[in-house]
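Quick notes on the structure that follows.
The values are calculated or read from the model by the stated rules, or taken from the named source; none is laboratory data. None of these values were measured; they are calculated from a predicted model. Using ideal geometry, Cβ is built from the backbone for each residue, glycine included, and neighbour counts are taken over all protein chains shown. Keep in mind that these areas ignore ligands, DNA and RNA; they rest on the heavy atoms of the full protein, side chains included. Shrake-Rupley method; radii C 1.70, N 1.55, O 1.52, S 1.80 Å.
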Amino acid sequence: MIRRPPRSTLSSSSAASDVYKRQIANKAHRRAPFPDAAHLLNRTNMAAAAETITSWPGYAPTELVDLPEVASHCGVARVVYKDESTRLGLGAFKALGGAYAVAALIKQKQADGIAAEAITVATATDGNHGRSVAWGAKQAGCGAKIYIHQHVSKSREDAMRVYGADVIRVDGNYEFSVARCKADSEANSWSMVSDTSWEGYTDVPRTIMAGYTLMGTEVVSQLGDDDLTHAFLPVGVGGLAAGIAAPLWAHMGEQLCNLISVESTMSCCFADSIRAGAPTLVDITDETLMAGLSCGEVSLLAWEILQPVVSHAMAISDDAVEPLMKWFHHRTPSIEAGECSTSGLAALLQAHQDPARWKDMGFDANSVVLLIGTEGATDPELYHRIVASTDQVDTMKNDLQAEATEEPSPDCIVWPTSG
C-alpha cells in the first residue's frame with residue numbers, strides 16, 4: 001500500500017512552524033484588470049523579451065505535454081505540463097532570464113562606449129540561473145563571476161564552469177551567497193545580474209522576469225481553445241511565478257485563473273509572506289532536495305505582482321520528489337523531470353487528498369490545470385541515481401491510471417512507501 005507520510009511541520013526556519021498548514025488561502029487575492037505598470041512586467045517589456053529571445057539561434061517553444069492519467073486520477077478535464085527540460089540546450093527555464101538580462105546589459109554598456117570584454121557580470125545561484133548567466137556571458141564576450149552556496153552540487157558547479165565562468169563557493173545558504181556576491185560586485189565594479197530584487201535594485205530582475213514571461217506566452221498559444229482554471233507556480237524568490245502570472249494575467253484579465261504558489265516546507269518565504277501580508281524573511285536551516293526552491297526571501301518585484309493574484313499558497317515536503325521523478329521518467333512517453341519539476345504535481349496530488357480544500361480551491365470536472373516542469377536533469381549524477389530505481393513506479397502508475405469514476409481512497413496520493 002502507498003501510505004501518506006506522517007503529518008509534518010515546517011523546520012525551525014519558519015516563525016510559524018507550530019501552526020503552519022500546507023494550504024492557505026490568500027486573503028489579499030482579488031480579481032482585477034492587468035495593471036500594465038511601467039515599473040513591473042508589462043506588455044511592452046514582455047513583447048521586447050519575446051522578440052529578442054525568439055530570434056536566438058536554436059530557439060523553439062518547449063512542449064506543453066498532456067498528462068491524461070493525472071487528469072483522470074484527479075477527476076478534472078485536463079492537466080498540462082510545460083516541459084522546460086529542452087530549453088535552449090540548457091535544460092531549464094532559467095535559460096530565458098539570465099542570458100536575456102546579460103544580453104540587454106551588454107547592449108546598454110556598448111551603447112555607452114564600453115567594450116564587452118571590459119565587463120564582468122556576477123550573480124548568486126542554486127545552479128540553473130548561474131548557468132544561464134554564464135552561457136549569456138560567453139555569447140556576449142564578457143566575464144562572469146558566479147557565487148554558489150555550500151549545498152550546490154559539484155555537477156551544477158561544473159555545468160557553469162563549462163562556459164568559462166569563475167565559480168566561487170560560499171559557506172552558508174543561498175542568502176549568504178547573495179550577500180557575498182553583492183559586496184564583491186560593489187567592491188570590484190562588476191555588474192550584478194541577480195534574479196531577486198531589493199530596494200534600489202529592480203531593473204535587472206525585471207529584465208530577467210521579462211525573459212521568463214515567454215513561457216506563459218507560449219502556454220497561451222499552445223492551449224488551443226481551452227482556458228486555464230488553475231496554475232501551480234513553483235516559488236523560490238518568485239521570479240518564475242511572476243513571469244508566468246504576468247502573461248496569463250495580461251491574456252485573461254479579470255478572468256485570470258487561480259494561481260497557486262508551491263514551495264518547500266523548508267523554505268516557504270512566500271507562504272509566510274502571504275500569511276503576514278508583507279515580505280517575510282525565512283532563515284533556512286535545512287536544505288530541500290528541490291534546490292531551486294531553497295530561497296528564504298521573496299523578490300520585492302515578484303511580490304508586488306503575485307500578492308494580489310495568487311489565490312492559495314502551498315508548501316510540500318521532499319517526500320514525493322524522488323517517486324515522482326521516477327514516475328515521469330518511466331511513464332510513456334518519458335519526461336525528463338528534475339527535482340523542482342515535481343513540485344506542481346506533488347502539490348496537485350496533495351490538494352486532491354483533502355476534499356474540503358479541493359473544493360475551496362475551485363477544482364471540478366471542468367478544471368484545466370497547468371504544471372510547470374522547471375528543469376530536466378540539471379544535476380545528471382543525482383538524476384540518474386534517482387530514476388535508475390523502479391521501486392514504486394508500477395504502483396504509482398496503477399494509482400494514476402485509475403478510472404475517473406472510481407472513488408479515490410485517502411491513500412491514493414503518490415507518496416513513498418514507508419515501513
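Before moving on, here are some points about what is shown:
- On the stretch given as the stretch 81-105, residues that are assigned to a strand (DSSP E or B) and either basic (Lys, Arg) or over 21 Å from Gly239 (Cα atoms) (or both) total 1.
- Meets criteria (surrounded by 22 or more Cβ atoms within 10 Å (Cβ to Cβ) and under 19 Å from Ala179 (Cβ atoms)) for Ala124: yes
- In the stretch 19-57, residue most open to solvent (accessible area, probe 1.4 Å) [restricted to those that are among the polar types (S, T, N, Q) and in a loop (DSSP other than H, G, I, E, B)]: Ser55
- So Ser11, is it surrounded by 18 or more Cβ atoms within 10 Å (Cβ to Cβ) and either at pLDDT below 95 or among the basic types (Lys, Arg) (or both): yes
- For the stretch 106-123, the condition holds for no residue, the condition being that it is in contact (Cβ under 8 Å) with a residue 24 or more places away in the chain, part of a loop (DSSP other than H, G, I, E, B) and polar (S, T, N, Q).
- Members of the stretch 353-369 that are among the small types (Gly, Ala, Ser), over 23 Å from the mean Cα position of the chain (by Cα) and in a loop (DSSP other than H, G, I, E, B): Ala365
- Each residue in the stretch 213-226 was checked for being among the β-branched types (Val, Ile, Thr) and open to solvent by 10 Å² or more (accessible area, probe 1.4 Å), and 2 of them qualify.
- The requirement of being open to solvent by 10 Å² or more (accessible area, probe 1.4 Å), within 20 Å of His230 (Cα to Cα), modelled with pLDDT of 95 or more and out of contact with any helix residue (DSSP H, G or I) (no Cβ under 9 Å at 6 or more places or on another chain) is satisfied by Gly362.
- Checked against the criterion of being modelled with pLDDT of 95 or more, surrounded by fewer than 20 Cβ atoms within 10 Å (Cβ to Cβ) and not aliphatic (A, V, I, L, M), the stretch 388-399 contains not a single residue that satisfies it.
- Qualifying residue in the stretch 318-334 (condition: open to solvent by 10 Å² or more (accessible area, probe 1.4 Å), more than 25 Å from Gly91 (Cβ to Cβ) and of a type outside the set (D, E, K, R)): no
- Any hit, the stretch 205-212, residues being open to solvent by 10 Å² or more (accessible area, probe 1.4 Å), part of a helix (DSSP H, G or I), of a type outside the set (Val, Ile, Thr) and at pLDDT 95 or above: yes
Rundown of residues vs (1) outside any helix (DSSP H, G or I); (2) in contact with a helix residue (DSSP H, G or I) (Cβ under 7 Å, 6 or more places away or on another chain); (3) farther than 21 Å from Tyr201 by Cβ, yes/no style:
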{"position": "Asp226", "(1), (2), (3)": "yes, no, yes"}
{"position": "Ala246", "(1), (2), (3)": "no, yes, no"}
{"position": "His251", "(1), (2), (3)": "no, yes, yes"}
{"position": "Glu254", "(1), (2), (3)": "no, no, yes"}
{"position": "Leu259", "(1), (2), (3)": "yes, yes, yes"}
{"position": "Val262", "(1), (2), (3)": "yes, yes, yes"}
{"position": "Ile274", "(1), (2), (3)": "no, no, yes"}
{"position": "Thr288", "(1), (2), (3)": "yes, no, yes"}
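- Taken over the stretch 370-390, the criterion of being among the β-branched types (Val, Ile, Thr), more than 25 Å from Gly238 (Cα to Cα) and in a loop (DSSP other than H, G, I, E, B) is satisfied by Thr390 alone.
- All positions within the stretch 231-286 that are closer than 26 Å to His151 by Cβ, among the acidic types (Asp, Glu) and surrounded by fewer than 24 Cβ atoms within 10 Å (Cβ to Cβ): Asp283, Asp286
- Looking only at the stretch 58-100, and only at residues there that are among the aliphatic types (A, V, I, L, M) and within 18 Å of His129 (Cα to Cα), the one that is surrounded by the fewest Cβ atoms within 10 Å (Cβ to Cβ): Leu88
- Being surrounded by fewer than 19 Cβ atoms within 10 Å (Cβ to Cβ) and either of a type in the set (S, T, N, Q) or at pLDDT 95 or above (or both) is a property that does not hold for Gln350.
- Near pairs, Cβ below 9 angstrom, 6+ apart or cross-chain, from the stretch 27-52 (over 24 Å from Ala103 (Cα atoms) and in contact (Cβ under 8 Å) with a residue 40 or more places away in the chain) to any residue that is crowded, with 16+ Cβ neighbours inside 10 Å and among the aromatic types (Phe, Trp, Tyr): Ala32/Trp249; Pro33/Trp249; Phe34/Trp249
- Just one residue in the set Glu157, Glu186, Glu117 is of a type in the set (Asp, Glu), under 19 Å from Phe93 (Cα atoms) and modelled with pLDDT of 90 or more; that residue is Glu157.
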